[in-house]
Amino acid sequence: MDPFLALLNSLSASLSSSELCELKFLCKDKIGKRKLESVQSGRELFNFLMEQQLIASYNVDLLKSMFKTIKREDLISQLEEFIEEGEASAPDERPDMKERRLQKVVIEVICENVGRDWKMLMRKLDFSDVRMERIMVAKPNNLREQLFQSLREWQKWKGKDAKVADLIKALRDCNMNLVADIAEQKLFHLNTENM
């Protein structure tokens, strides 16, 4: 089952009839009048938006702005959670499942063991200061969360080019050899368990 369609189905079930009317009104400039009049559910509306290529698993900006307009922050949170879980990039731009599983392990190790030098690590990964600053403003008092969000942004930015080897190399380039060793040890154990 497509995770994005499951998400849209869940979002649709959460909408009241008055909220559906508001969403239809917001789509007047995007969907023809006759089609809009036929819409009886959020699923139907979302389907029309997908047909117009206005929304997709990797493009939820329109949905977020519509939910913001109707003051449904809870639905925006569901969309953001979907994005954070890595389902939101185009399928051919995501690393394969094995690579994503390995990245998750290495990211956990990094978040547990890298402290205030996290910015140096992110710079070694060619992650921009502007992006780091944005994350720091969003998560001002949580160093670990800043690092975690930066690594997630790096994954999204690199797409299928995000590699565990790049994370290990960046750790070694920052003289964080102990963290790199811990990560490699966990990866080794994971690979031997799956043999």
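The values are calculated or read from the model by the stated rules, or taken from the named source; none is laboratory data. Please read these numbers as outputs of a predicted model, since none were measured by experiment. We place every Cβ from the backbone using ideal geometry, glycine too, and count neighbours over all the protein chains shown.
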Review point. If you scan the stretch 31-47, which residues turn out to be small (G, A, S) and assigned to a helix (DSSP H, G or I)?
Key: S38, G42
Check your understanding: In the stretch 176-194, what residues are β-branched (V, I, T) and touching a helix residue (DSSP H, G or I) at 6+ places or on another chain (Cβ under 7 Å)?
Key -> V179, I182
Practice item. Kindly check whether there is at least one residue in the stretch 170-183 that is closer than 14 Å to K104 by Cβ and in the same structural domain as D117 (by TED's automatic domain parsing). Key: yes
Review point. Out of all the residues in the stretch 10-21, which are in contact (Cβ under 8 Å) with a residue 24 or more places away in the chain, assigned to a helix (DSSP H, G or I) and surrounded by fewer than 16 Cβ atoms within 10 Å (Cβ to Cβ)?
Key: S10, A13
Study note, to complete from the structure: With the first residue restricted to the stretch 138-160 and required to be of a type in the set (A, V, I, L, M, F, W, C), and the second required to be in a helix (DSSP H, G or I), Cβ contacts under 6 Å at 6 or more apart or on different chains are L147/C111; L147/W118; F148/C111; L151/I107
Practice item. State whether one or more residues within the stretch 119-133 are of a type in the set (S, T, Y) and in contact with a Phe, Trp or Tyr (Cβ under 8 Å, 6 or more places away or on another chain). Key: no
Exercise for review: Please go through the stretch 35-88 and pick out each residue that is within 16 Å of S18 (Cα to Cα), among the basic types (K, R) and surrounded by 12 or more Cβ atoms within 10 Å (Cβ to Cβ).
Suggested key: R43, K68, R72
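Quick check: anything in the stretch 153-165 of a type in the set (A, V, I, L, M), within 14 Å of Q103 (Cα to Cα), crowded, with 16+ Cβ neighbours inside 10 Å and in the same structural domain as E112 (by TED's automatic domain parsing)?
We begin by selecting, within the stretch 153-165, every residue of a type in the set (A, V, I, L, M); these are 162, 164-165.
Next cut, within 14 Å of Q103 (Cα to Cα) only: 162, 164-165.
When the remaining residues are screened for being crowded, with 16+ Cβ neighbours inside 10 Å, the result is 162, 164.
Checking which are in the same structural domain as E112 (by TED's automatic domain parsing) leaves us with 162, 164.
Yes, some residue in the stretch 153-165 is of a type in the set (A, V, I, L, M), within 14 Å of Q103 (Cα to Cα), crowded, with 16+ Cβ neighbours inside 10 Å and in the same structural domain as E112 (by TED's automatic domain parsing).
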Practice item. Could you check, for the stretch 49-67, whether at least one of its residues is farther than 18 Å from Q78 by Cα, more than 21 Å from the chain's Cα centre (by Cα), in a helix (DSSP H, G or I) and in contact (Cβ under 8 Å) with a residue 12 or more places away in the chain? Key: no
